[in-house]
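The values are calculated or read from the model by the stated rules, or taken from the named source; none is laboratory data. Keep in mind that this is a model prediction, so the values were computed, not measured. No Cβ is skipped: glycine too gets one built from the backbone with ideal geometry, and neighbour counts run over all protein chains shown.
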Amino acid sequence: MAPLLEIKNATKIYGGGFFHAKNVTVALQDFDLTIDDRPATITTIAGESGSGKTTLANLVLGFTKITSGQIIYKGVDVGAMDKAQLMDYRREVQAVFQDPYAVYNPFYRVKHIFDMVLKNFKLARTKEEGRALVEAALNVVGMRGEEVLEKYPHQLSGGQRQRMMVARAYLLKPKLIVADEPVSMVDASLRAMILDIMLRLRDEHNISFLYITHDLSTAYQIGDQIYMLYQGAVAEAGNTTRVIENPKHPYVQLLIDSIPVPDPDVKWGGEEVLTLDDEQMRVSTTSGCRFYGRCPYRMDRCLEQAPPLYDLGNNHLAACYLYDMAAEQEPSHVAA
């Protein structure tokens, strides 16, 4: 059986062209990922702002055109799909975004977002059948139609709006939900509720997630696999617990070390090395390691060519020449 989603050597470059040949930013470079059809998984794409997380989400959702590489869904290249295949893809690959307010039209009652889905994808033959489908979707996220459907967006809390967007996605019975920072704008109690909904959708309904976040604590809570991005390239990847508890790449080590510990005797963070602007390393796909300017272990070869992903065992990968001799096999890519 073909994997649910395969991303092969995905690269996205912004800028360039005849008049602006030098104004280039490599937003994402040579990204590989595989999500199996079963069992459903939560694959986390993590990194700081500007690391390429949302670029990847936009590529998968078809909002941005890929520069090179492939995105393959159930064995078919998304870029080569016909109209009917694209309609199926858009139904089975849904999105939940960061801002739960921006996706609503303030002039419509919130039931409008469900009505549009029912109409566009022809999910129900009658109004009663459609209402039953909406009610079932709302129940999955702990809501009732009579309490929310007739209200306007401003009458709902941020947590209610976000749960309704999860319900809207679930209404289509998707195979994959791309969740771009879905809990960053809600408070702690609602964050836990939404994360629990994601886990239940994975375990009870076989819905996989591509979870985009900068929050390693939530990634640690729910993620199966994790890809740590830095300046558009994968720094480290593997099992979420293993990567966060035992980071191997110097960037990920510094990132984990920067998380404050509730102990006044424990030093917070370490000294940061900075001699080269990160963005200087992002203007070409042939530049060296983008972490060179901040890396305490940098070597001359790091500027010559970006390091490949070395398999350190148990499918734990790190893109660092420190592991050139330690790698047990040739550089490879992680599979979710």
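To keep it simple, each residue is scored yes or no on (1) at pLDDT below 95; (2) buried (at least 21 other Cβ atoms within 10 Å of the Cβ); (3) not hydrophobic (A, V, I, L, M, F, W, C).
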{"position": "A233", "(1), (2), (3)": "yes, yes, no"}
{"position": "V266", "(1), (2), (3)": "yes, no, no"}
{"position": "R290", "(1), (2), (3)": "yes, yes, yes"}
{"position": "L303", "(1), (2), (3)": "yes, no, no"}
{"position": "N314", "(1), (2), (3)": "yes, no, yes"}
{"position": "D324", "(1), (2), (3)": "yes, no, yes"}
{"position": "P331", "(1), (2), (3)": "yes, no, yes"}
{"position": "A336", "(1), (2), (3)": "yes, yes, no"}
Worksheet item: Which number in (1) modelled with pLDDT of 95 or more; (2) surrounded by 19 or more Cβ atoms within 10 Å (Cβ to Cβ); (3) not hydroxyl-bearing (S, T, Y) marks the one condition that E92 misses?
Response: (2)
Response to the item:
Of the conditions (1) more than 29 Å from V183 (Cα to Cα); (2) hydrophobic (A, V, I, L, M, F, W, C); (3) modelled with pLDDT of 95 or more, the single one that A237 does not satisfy is (1)
Item to complete: Would you be able to tell me the number of residues in segment 127-143 that are surrounded by 13 or more Cβ atoms within 10 Å (Cβ to Cβ) and acidic (D, E)?
Response: 1
Worksheet item: Right, Q98: surrounded by 15 or more Cβ atoms within 10 Å (Cβ to Cβ), modelled with pLDDT of 90 or more, polar (S, T, N, Q) and farther than 20 Å from E147 by Cα or not?
Response: no
Item to complete: Select the helices (runs of 4 or more DSSP H) contained entirely in segment 97-177, then report the ones holding at least 1 residues which are touching a Lys or Arg at 6+ places or on another chain (Cβ under 6 Å).
Response: 111-120
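Tell me which residues, restricted to segment 45-65, are of a type outside the set (G, A, S) and in contact with an Asp or Glu (Cβ under 8 Å, 6 or more places away or on another chain). Let's see the steps before the verdict.
Narrowing segment 45-65 to residues of a type outside the set (G, A, S): 45, 48, 53-56, 58-61, 63-65.
Selection gives K53, T54.
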Discussion item. Is it the case, given these coordinates, that Y101 is within 23 Å of V178 (Cβ to Cβ) and in contact (Cβ under 8 Å) with a residue 60 or more places away in the chain?
Written reply: yes
Worksheet, complete the sentence: Selection from segment 46-86 of residues aromatic (F, W, Y) and at pLDDT 95 or above yields Y73
Practice prompt. Just name the residue that is farthest from A102 (Cα to Cα) out of those in segment 185-230 that are touching an Asp or Glu at 6+ places or on another chain (Cβ under 7 Å) and not β-branched (V, I, T).
Written response: M228
Item to complete: Starting from segment 113-137, keep only residues that are charged (D, E, K, R), then list their pairs with residues that are in a loop (DSSP other than H, G, I, E, B) whose Cβ atoms are within a distance under 8 Å, requiring at least 6 positions of separation or different chains.
Response: E135/R144
Practice prompt. Please tell me if L33 is buried (at least 19 other Cβ atoms within 10 Å of the Cβ), of a type in the set (A, V, I, L, M) and in a helix (DSSP H, G or I).
Written response: no
Worksheet item: Which of the following residues is out of contact with any His (no Cβ under 8 Å at 6 or more places or on another chain), hydroxyl-bearing (S, T, Y), surrounded by fewer than 20 Cβ atoms within 10 Å (Cβ to Cβ) and closer than 20 Å to A237 by Cβ: T43, T11?
Response: T11
Worksheet entry | Residue identified as among the hydrophobic types (A, V, I, L, M, F, W, C) and modelled with pLDDT of 95 or more among V110, V134, V117 | V134
Discussion item. Here is a list: A27, A57, A10. Which entry is in a helix (DSSP H, G or I), in contact (Cβ under 8 Å) with a residue 24 or more places away in the chain and within 15 Å of the chain's Cα centre (by Cα)?
Written reply: A57
Worksheet entry | All positions within segment 177-217 that are over 13 Å from the mean Cα position of the chain (by Cα), crowded, with 19+ Cβ neighbours inside 10 Å and closer than 24 Å to H316 by Cα | R202
